[in-house]
Every structure is written in C-alpha cells, then in structure tokens.
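Every read-out reported here was derived from the displayed coordinates using simple, explicitly stated rules and does not represent laboratory data. No experiment lies behind these values; they were computed from the predicted model shown. Here the Cβ positions follow ideal geometry from the backbone for every residue, glycine too, while neighbour counts run over all protein chains shown.
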Amino acid sequence: MVKFMQIIVGKLSGFCNGVKYTIEKANEVIKKYHNVYCLGEIVHNESVIKDLESKGMITINQIDKCPQNSKVIIRAHGEIKETYDKAKEKNIDLIDLTCGKIKVIKSKIIQKNKDHFIIIIGKKNHPEALGLKSFAGNYSYIVEDEDDIKQLKNIIKESKLKKLFIISQTTFNSIKFEYLVNKISDEYNLFIEVDKTICNATSSRQKETEDLSKKVDYMIIIGGKKSSNTKELETISKENCKNTYLIQDYKELKDIEIKSDSKVGIMAGASTPDNLVDEVILYLKRGSHERT
Ligand code: SF4
C-alpha cells in the first residue's frame, strides 16, 4: 500500500495583524509618494522587503542618512526616542507604523518610569526592546537571561527606586518570561509590578507550535532567519521534534531529506507571507509523489 505524506499547517501561521497593517499601509504610502524611506528592514522577511523596494521603498539604517523633508516609515517594531527627536530637527515626515500593541507598552513605560525601575524582558539587540528601553530612561534594563539579573543590582541600588515595573518584548518566549520574573522576585525584595506584554498573536502561535511539534515527525518553520518570533518557534519546536528545520523558502528544502510517508507540521512566523507557505506545501506534495 502506498503511503502519502500528511501535511498539517498551523492555523495561526503567517502575518499577525500588526505586520499586516504595516505592509498594507507601506504599500499605500509608497503608491502615494513614490520615494519613501524605511528605517531598518520593514519586517524580517526578504521577499516582503524586495517587493516593497521594487515599488519605491528605500531601506536605510540611520535617520541621519535620510534627506531633509523626506518621508520615512517607522516599522512595526517601533524606534528609539532619538530617532523621533532627530526627525523633528531635520523636518522629516515620519510615517509611524509602529504596531498599536507596542505603542501601548511604550505609553505604560513613560507613565511608570517616574517612580519605577523598568525591566524589559527581551532580546538585548532586538529593535523593539531597544526602542522601549530608550523611552524608559536611565533607570531601566533589558533582561535576556539569568546572568542579567545579577548585573541589575548596582544600577537598581544607584536609582534608589523601591518599585520595579517588569514588561516583556511582545515576541519573547512566554515560559522563559515567567521563569525570569520568578528569578527577579527571588533576588529583589522590592515592590514588583509585572505586566506580561507578550502579544497574543505570539503566545498563541508558540502554543500551537508546541502542540503541533508533539504530533509530527518533521516540523518546518518558515520565516526570516533574523526574525525573533520565528527563531523562538524553532526553539520551541526543537524541544519536541528533533527534525525541526527553519527555512526562508521552499528552495532550502532541497537539502533536507523528508520521508515520503511521514507527518509534517508547518508553522510560519509573523512576518511570513502566505505565498511562501503555499510554495512549501506544493514542494512537499510534489516531492512526496515523486518519491512514492
Ligand atoms: S506580534 Fe503582536 S505586537 Fe508584534 S507586530 Fe504582531 S500584532 Fe504587533
């Protein structure tokens, strides 16, 4: 009897609402003004960037390099405070496409930083975490792992603040967030307010990845290799399914051997367009027929 590959695609695969909004708006703005700059990669996905660049978007890394009076997109992650200040000086028209959920975290930080030491649980070099920290002032810290908790001691002491406000990068690992919060509570005998600001789109996708990876022989995670939320999905999946592969598009499947009678789970990151998922499904289906 010929057995066929079973492919299960995660229901929450693909663009989150924040990324969808950013890409839709970017398309509108480019159509209207033609030459529009974008500070940093609009989303961590090469095919999306190439598409928008072919329509007139110019990706640039520093606000200093944007001409006076130009139009500049702020991507979904948000930006550091200095960028907003410099844009004002250069009379740059900022098109702020920061995701609404990140804007809410930013305002909470601004509200709390007067009398709280702010801890952002997130990736130290991630633009979202860096952007949030820039609005938190000097008495703030990005905690990525356990070692950072000890580093905090001196700076908290110096601040003389007696209250901590802990929030998270929206794409951080939910379990790791709780673990680090518990460690901070054990270490510091201060008033601690915790706001778990991990986006639902992220936590639900992580949960679905966890569940799916327990049921299949192979897991294919599709997304940009620089995307934090995609890498997190890979980590979660690997805990349950050793045959987990993070790929940017179907072409990378050529180097991966997948048995034709296996069960394959597919999950895509928040900045992965549907057509990349469709291409992977098509490739797997075609390959499966060819091998049987
Ligand atoms: S993951 Fe959530 S917070 Fe991040 S861009 Fe998407 S909707 Fe916004």
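A few remarks follow.
- Listed residues GLN6, SER237, ASN91: farthest to the positive end of the dipole of the chain (Cβ charges): ASN91
- Tilt relative to the chain, helix 46-55 - C-alpha long axis, 0 to 90 degrees, to 10: 80 degrees
- Pairwise centroid distance, computed over Cα atoms, of region 21-36 with region 129-196, Å: 36 Å
- Helix 127-136 axis versus longest C-alpha principal axis of the chain: approximately 20°, rounded to the nearest ten.
- With Cα atoms, 0 to 90° folded angle of helix 174-187 axis to the chain main axis: 30 degrees
- Percentage relative contact order, the chain, counting C-alpha pairs under 8 Å, at least six apart: 22 percent
- Across SER204, SER228, SER271, mean-square fluctuation computed from a Gaussian network of the chain (C-alpha pairs under 10 Å connected) peaks at SER204.
- Taking chymotrypsin sites (Phe, Trp or Tyr not before Pro) across region 1-61, the ones in a DSSP loop with at most 14 further Cβ atoms lying within 10 angstrom of their Cβ are PHE4.
- Three semi-axes describe the equivalent ellipsoid of region 17-98; taken as square roots of 5 times the Cα gyration tensor eigenvalues and ordered largest first, they are 19, 14, 11 Å.
- Size of electric dipole in the chain: Cβ of Lys, Arg +1 and of Asp, Glu -1, about Cα centre, debye, nearest 20: 460 debye
- For SER228, neighbours were defined as the other residues whose beta-carbon sits under 14 Å from its Cβ, and their charges (Lys and Arg +1, Asp and Glu -1) total +3.
- Of GLU234, GLU257, GLU79, the residue with the greatest mean-square motion in the GNM of the chain, using alpha carbon springs below 10 Å, is GLU257.
- If you plug the beta carbon distance of PHE4 and THR235 into 1/(1 + (r/R0)^6) with R0 = 25 Å, you get a FRET efficiency near 0.25.
- Counting Lys and Arg as +1 and Asp and Glu as -1 over every other residue whose Cβ lies under 12 Å from the Cβ of LYS124, the net charge comes to -3.
- Given charges at beta-carbon only (K, R positive; D, E negative), |dipole| of region 167-222 in Debye: 180 debye
- Taking Lys and Arg as +1 and Asp and Glu as -1, the other residues whose beta-carbon sits under 12 Å from that of THR98 total +2.
- At 1.306 mPa s and 10 °C, Stokes D of the chain from Kirkwood alpha-carbon radius, µm² per second: 77 µm²/s
- Annotation: amide H-H contacts under 5 Å for LYS263 (H modelled 1.01 Å from N, sequence separation of 5 or more, or interchain): GLN6, ASP217, TYR218.
- Build a GNM of the chain with springs between Cα atoms under 10 Å apart, and of THR235, THR202, THR170 the one that fluctuates most is THR235.
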